[in-house]
Amino acid sequence: MSVVLAKLIISLLCILLVSVVLYFRPQITLGLKNKSVVGVLGTSWVLLRVLPFLLIYLWADYQPTSDVNGFWDEGSKASQGMLVYKDFWSPYSPLYAYYLGLWLKIWYSPKMIILTMAAMDGLALALTYQLFRYKTTKEDLLFKSLVYLLLPGSLVLCIVGAQEDIWMWLFVVGAYLTRKRYGVVGFSLVMALGVLMTKAIFGLALFPLFLIEKEKIRFLIPISIVGAISVVVLYLTVGMEFMQPLDEANVLRAPNILSVINPWAFNLVGLGAKAWNWIGLVITISAGCLTAWRLRKHEYPVMLAHLWVTMYGLMMIAQQSAYSNYLFLFLLPMVFEIIDWNNRKQIFLLFVFNVLAVIHPSMWWRQGMPIYLSPTDIFAIPDRTIDYFIQLGIVCVTLYFVWGSFPRKKK
């Protein structure tokens, strides 16, 4: 359990640093007022992404583990010209492995995967800054950027876990910023690229965004053409193997609503049944569509942030194949828009959310990915009891923030 302990220690240190930063917020914000945006963001990224990378992977010579090995397998084979889905298995969109392969041309090492994730995280942060420029002051945005970079949910999941989920937020923000300059066609093309570069679940965002889109035909045509060409090319080269990413929906993970309810129902909920996957998708997309519709008259960045946290936060605990690493998918809009930084309860629960989400995947996996069939399973050994209550905590805190981001009707 050394990895779990290391992640816990790093997470608690991060929380301590964020607490200090929040305590001195007035002084720090005042100091940021006359600083260069590029200078602050660049220096912060180097200190909180590049420096930890150098310390962990070069100075301590720690070898990447877990998901990095899978990414390395895909990226290295793609860099050699092998065919995705045919020559190697992939749960990601077709261009994902080839994009990693391009980075591996610079440095052919699994450690380059970590640097790639750090670079994409930095780009997502920079685009998020641009997204909210209209809404608040420069110093406020820089302060939130610093907090984001310090939170364990971003630092650990990026530098230790090498998670790519932040890419989805990067593409949707990039699509919106492209639209401001090139119109709805540019927006549609960047969204299409996002679908081809990330995961199938990125496509879920298309439903609510299409619902509120005023130029529906102009949005639909480019993305449909790109999609049709992609399907034809994939079918001609790999047959039906391009459906591999959809197999991820059949993998049981935790935590989710079903995983915490199942033992108290004595395994009568039908855990693993495909019907639950469809129910989860319907609930997730419906919540996303309702959020977008109710906020359709608000500024687009505000609507987008609430949509993202509501839909993907709910997906994290409604889908049987999701797990707590998905916090990385919606942490940026939480920090910049959803969290009230004057609300101590929200800040405390955000801290709890980050720590639990960071340590749970490693703990759960190292325990043999347990599934609880009855209350007896929960209390059989202390490790399982701790694991279950961490799952329960993650589900409850996720629901809290999903409910906070979901727009209710005004009385």
In region 70-96, the residues that are part of a helix (DSSP H, G or I), closer than 14 Å to E164 by Cβ and touching a residue at least 24 places away in the same chain (Cβ under 8 Å): F71, W72, E74, G75, Y96
Any pair with Cβ under 7 angstrom, 6 or more apart, that starts in region 245-262 at a residue that is crowded, with 17+ Cβ neighbours inside 10 Å and ends at one that is part of a helix (DSSP H, G or I) and among the polar types (S, T, N, Q): A249/N277; A254/Q391; P255/S324; P255/Q391; S259/Q391; V260/Q391
Subset of region 358-411 (residues that are over 23 Å from L8 (Cα atoms) and among the hydroxyl-bearing types (S, T, Y)): Y372, S374, T376, S405
Selection from region 23-54 of residues that are in a helix (DSSP H, G or I), over 24 Å from the mean Cα position of the chain (by Cα), among the hydrophobic types (A, V, I, L, M, F, W, C) and loosely packed, with under 15 Cβ neighbours inside 10 Å: L30, V38
Test result for S259, more than 30 Å from I371 (Cβ to Cβ), polar (S, T, N, Q) and in contact with a helix residue (DSSP H, G or I) (Cβ under 7 Å, 6 or more places away or on another chain): no
Answer residue from region 292-314, given it is surrounded by fewer than 24 Cβ atoms within 10 Å (Cβ to Cβ) and not in a loop (DSSP other than H, G, I, E, B) and is nearest to the chain's Cα centre (by Cα) among those: H306
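Output the number of residues of region 59-69 satisfying the condition of being in contact (Cβ under 8 Å) with a residue 12 or more places away in the chain and more than 23 Å from the chain's Cα centre (by Cα).
Adding up the residues that qualify gives 1.
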Criterion (under 29 Å from Y134 (Cα atoms), of a type in the set (A, V, I, L, M, F, W, C), at pLDDT 95 or above and exposed (fewer than 14 other Cβ atoms within 10 Å of the Cβ)) met by exactly one of I217, I229: I217
Check on L373, surrounded by fewer than 16 Cβ atoms within 10 Å (Cβ to Cβ) and either modelled with pLDDT under 95 or touching a helix residue (DSSP H, G or I) at 6+ places or on another chain (Cβ under 8 Å) (or both): yes
Within region 166-200, tally of residues that are at pLDDT 95 or above and part of a loop (DSSP other than H, G, I, E, B): 1
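The values are calculated or read from the model by the stated rules, or taken from the named source; none is laboratory data. Worth saying up front: this structure is predicted, and the values here are computed from it rather than measured. Using ideal geometry, Cβ is built from the backbone for each residue, glycine included, and neighbour counts are taken over all protein chains shown.
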